[in-house]
Amino acid sequence: MRGISLLVFALTLADGAQAAELKEMGCGRTLEKDGVPHMIMDDHLHVLDASGRFDAGTAPDGYQLKSIFCARSDIVPAASDYRVVEAGYPLMLFSRDTETKRTRIAVLEMSDGHLRLRSVGEIAFTHDMAARIQAVLDTAVPQMGKTR
């Protein structure tokens, strides 16, 4: 439960952050063992700072690496976040909504050959968010496959 507790703490810190300057409070990996998922924070994993091909590291013996997650100041993905998906992992983003004080959750993933960000929480994307998300996706798609 350490991973989830730290994630809640990171989102609380992010509560006052503005969308203009995207900040990452922390990331982690979702590992699975015997069908049970474990969300583990990783102090050394920084998706925003990653350059080149994304490397999620190896999972401990007996575990499978299922996805990457990050707590951010904005739910709109960064232009380089496609690298996580390109490496074979969905990227789950958590962001605190400043108006409702609730947490937004979204997943950046491939679906039917298309890069998409889908909302999986209770709060839908606003029209402004949807436009900003589409702009990021439009920029990312032509870059996929070029990262070496």
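We did not get these values from a lab; they are worked out from the coordinates using the rules stated. Predicted model, so just to flag it, every value in this text is computed and none were measured. Neighbour counts run over all protein chains shown; Cβ positions are idealised from the backbone, glycine included.
Give a quick list of chymotrypsin sites (Phe, Trp or Tyr not before Pro) in region 45-87 that DSSP marks as loop, anything other than H, G, I, E or B, with at most 10 other Cβ atoms within 10 Å. Write out the running numbers ahead of the final one.
Working: sites: Phe54, Tyr63, Phe69, Tyr82; in loops: Phe54, Tyr63.
When the chymotrypsin sites (Phe, Trp or Tyr not before Pro) of region 45-87 are filtered for loop state and at most 10 Cβ neighbours within 10 Å, nothing remains.
Could you grab the Rg to Rh ratio for region 41-82? Cα atoms only, Kirkwood for Rh. Before the final figure, lay out each step's value.
On the way: Rg = 11.6 Å, Rh = 12.0 Å.
For region 41-82, the value is 0.97.
For the chain, calculate the relative contact order in percent as a whole number, restricting contacts to Cα pairs under 8 Å that are 6 or more residues apart. Write down the numbers at each step before the final one.
Values: 276 pairs, mean separation 31.0, N = 148.
Relative contact order here is 21 percent.
Could you identify which residue out of Pro77, Pro60, Pro90 has the top mean-square fluctuation in a GNM of the chain using Cα springs shorter than 10 Å?
Highest fluctuation of the listed residues: Pro60.
Give the total of Lys-Lys pairs in region 10-148 with Cα-Cα distances below 28 Å; include a pair only if its members are 8 or more places apart or on different chains.
Numbers: Lys23/Lys66; Lys23/Lys101; Lys23/Lys146; Lys33/Lys66; Lys66/Lys146.
So the count of such lysine pairs works out to 5.
(1) 39, 32, 29; (2) 43, 36, 26; (3) 80, 51, 29: which one is Cα extents along the principal axes in Å as calculated from this entry?
(2)
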